[in-house]
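Chemist: Attaching a single structure in structure tokens format; questions to follow.
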Amino acid sequence: MSRPGLVLEVDERTPPILVHEGEGFRLERFPLGTRVIYPPDSLPGIRDLNGRIREALLNPLGSEPLPELLRPGMRLTIVFDDLSLPLPPMRAPDIRQRVIEQVLEMAAAAGVDDVELIAGNALHRRMTPAEIKHIVGERVFASFWPDRLRNHDAEDADNLTLLGQTRHGEDVEINRRAAESDLIVYVNINLVAMNGGPKSVAVGLASYRSLRHHHNVHTLRHSRSFNDPPNSAMHHSYDRMHKLLSESVRVFHIECTLNNDQFPSPFEFLNKREWEWTLKDQAKFLAAKRANDLAPAAARHRVWQGMRAPYGVTGIHAGATDLVHERTLANVHRQQLTEVHGQSDVLMLGLPYLCPYNVNSVMNPILVYSLGLGYYFNMYRGKPIVREGGVLIMYHPMKSEFHPLHHPSYIDFYEEVLTQTTDPATIETKYEEQYATDPWYVHLYRNSYAYHGVHPFYMWYWGAHALSHLGDVICVGADRKVAARLGFRAASTLADALEMASETVGRSPSLTYLHTPPMTLADVR
């Protein structure tokens, strides 16, 4: 049995703690009394994956077996998560490939000829052929690309269908091929609790017209935790949309959960608790740290972006969306949940090199903001780790670097919008529609590899809840001009950051460090 999560209180015997900071990491000595939250040890992976997939498809939850839903002459659409999941990407073969291959074998045996595969990328950038091939595998790619395997296009008006409105006036508009199918099979990877479930079709195949109803400042500010669905206004919107959608098209959901083995052998010390490092782990740390610090920036970037994780698959469930997602959440919590008693005055986070929106790309300042305030701040259940009015300290170099192909509207958002205001509500009211409908951004989204023009706005809104909760945000190691542009303060060291934080929380604050990655979900009591 895997060991449960742990809350360590730093004392004189505690070794330095590993902290991520972009494409680098350091060992930090935290003040005595600091709480360090660790996840449970990695759960064992399923050994017979093909057998487990087949079992899930033949014995689904709340549904007939998949073969009984398949028949000649039907229209079948298989949808899968894009490269924003998992993080880091999974080493081949991706679990989605294994699942899709078995679904296709059953479809062929049933005589189903009209089959298409769609990446549920919503307003994310189109994936390249190589990126799609990594997910679906060589055989599926060769058989279906490009005519029957493609990215979803949220701006292709001729290939979108409005299914109706929820009782709250939310438009439900999705991909026309999927909407007109006899069956949608959605293949999920669930890295955290906010992934999957009713969100999958309602977001992955949606248009801007649909997404704006839950990706907005009001909804995100009132979502107490995205990883605690019962307390999330955003998840309530997903539920309503999924219910309406389910009245028009049948969805057979397949969700896969992973363990916390996020780093391959040369970096496996990153998966361990520091006081348990062997001499071999210590040697690997010193070698990796030295090589990483000495490498040219371009080489360092290639190494980190080339990382492929040796995840173990901890669960595969199929059938009705709600029942499947219930099992999924239980698996995610088994792997990530650590009980924490009470809130702290200061929360400290080490932000790594990767988030859902810079895979094979660049972590620009707006994505750093979103990763810290939108994602890691919300890695809790119950209530935030840091008290209201407390301070968030993040580690990241936060340089003014952008990928011009992937993030063109981010560049303009940083230069034009943030120089005027950082207030999410003002930004939404004054600038969102202009960026969302700009013909050039729409063109780049549809025909190049750019995120949708509105995407940086959504990343900014992800931090709305944290911004309204916190008294201050301080960034260790950040470029001072960049931090100021985002509305934050920069510090050179942790000692400097704590001195600055004392203006808000006093000179004897309670401190907590959330040790991620690997993924940790704090169950704050």
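Chemist: Looking only at segment 384-404, which residues are in a strand (DSSP E or B) and buried (at least 16 other Cβ atoms within 10 Å of the Cβ)?
Modeler: Residues satisfying the conditions are VAL386, ARG387, GLY390, VAL391, LEU392, ILE393, MET394, TYR395.
Chemist: Looking only at residues in segment 473-493 that are among the charged types (D, E, K, R) and touching a strand residue (DSSP E or B) at 6+ places or on another chain (Cβ under 9 Å), which one is surrounded by the most Cβ atoms within 10 Å (Cβ to Cβ)?
Modeler: Out of the qualifying residues, it is ARG489.
Chemist: Kindly indicate whether HIS469 is closer than 19 Å to VAL368 by Cβ, touching a residue at least 40 places away in the same chain (Cβ under 8 Å) and open to solvent by 10 Å² or more (accessible area, probe 1.4 Å).
Modeler: Criteria met by HIS469.
Chemist: Continuing with this model, one more query. Among the strands (runs of 3 or more DSSP E) confined wholly to segment 264-383, which include 2 or more residues that are of a type in the set (Ser, Thr, Tyr) and without any contact (Cβ under 8 Å) to a residue 40 or more places away in the chain?
Modeler: Strands (runs of 3 or more DSSP E) meeting the threshold: none at all.
Chemist: Quick check: anything in segment 384-402 of a type in the set (D, E, K, R) and more than 21 Å from ILE37 (Cβ to Cβ)?
Modeler: yes
Chemist: Out of all the residues in segment 223-240, is one or more farther than 30 Å from MET74 by Cβ, without any contact (Cβ under 8 Å) to a residue 60 or more places away in the chain and in contact with an Asp or Glu (Cβ under 7 Å, 6 or more places away or on another chain)?
Modeler: no
Chemist: Looking at segment 279-289, can you tell me whether even one residue there is in contact with a His (Cβ under 6 Å, 6 or more places away or on another chain) and either more than 17 Å from GLU23 (Cβ to Cβ) or surrounded by fewer than 16 Cβ atoms within 10 Å (Cβ to Cβ) (or both)?
Modeler: no
Chemist: Can GLU433 be described as without any contact (Cβ under 8 Å) to a residue 12 or more places away in the chain and more than 24 Å from GLY389 (Cβ to Cβ)?
Modeler: yes
Chemist: Check segment 484-492 and report whether any residue there is in contact with a Lys or Arg (Cβ under 6 Å, 6 or more places away or on another chain) and within 18 Å of ASP345 (Cα to Cα).
Modeler: no
Chemist: Please determine, by comparing only the residues of segment 405-433 that are part of a loop (DSSP other than H, G, I, E, B) and under 22 Å from the mean Cα position of the chain (by Cα), which one is surrounded by the fewest Cβ atoms within 10 Å (Cβ to Cβ).
Modeler: The qualifying residue surrounded by the fewest Cβ atoms within 10 Å (Cβ to Cβ) is LEU405.
Chemist: When the residues of segment 489-506 are filtered to those that are assigned to a loop (DSSP other than H, G, I, E, B) and free of Cβ contacts under 8 Å to residues at least 40 places away in the same chain, which remaining residue is nearest to ARG29 (Cα to Cα)?
Modeler: Once the filter is applied, the top-ranked residue is THR493.
Chemist: Quick one: LEU498 ticks every box in (1) within 26 Å of GLY342 (Cβ to Cβ); (2) crowded, with 23+ Cβ neighbours inside 10 Å except a single one, so which number is it?
Modeler: The failed condition is (2).
Chemist: Something else now. In segment 147-181, which residues are open to solvent by less than 70 Å² (accessible area, probe 1.4 Å) and not in a strand (DSSP E or B)?
Modeler: HIS152, ASP153, ALA154, GLU155, ASP156, THR166, GLY169, GLU170, ARG177, ALA178, ALA179, SER181
Chemist: Based on what the data block shows, is ASN50 touching a Lys or Arg at 6+ places or on another chain (Cβ under 7 Å), of a type in the set (S, T, N, Q) and either open to solvent by less than 10 Å² (accessible area, probe 1.4 Å) or at pLDDT 95 or above (or both)?
Modeler: yes
The values are calculated or read from the model by the stated rules, or taken from the named source; none is laboratory data. What you are looking at is a predicted structure, and each value in this text was computed from that prediction instead of being measured. Every residue, glycine as well, gets a Cβ built from its backbone with ideal geometry; the counts of neighbours run over all protein chains shown. For accessibility, only protein heavy atoms count, side chains too; no ligands or nucleic acids. Shrake-Rupley method; radii C 1.70, N 1.55, O 1.52, S 1.80 Å.
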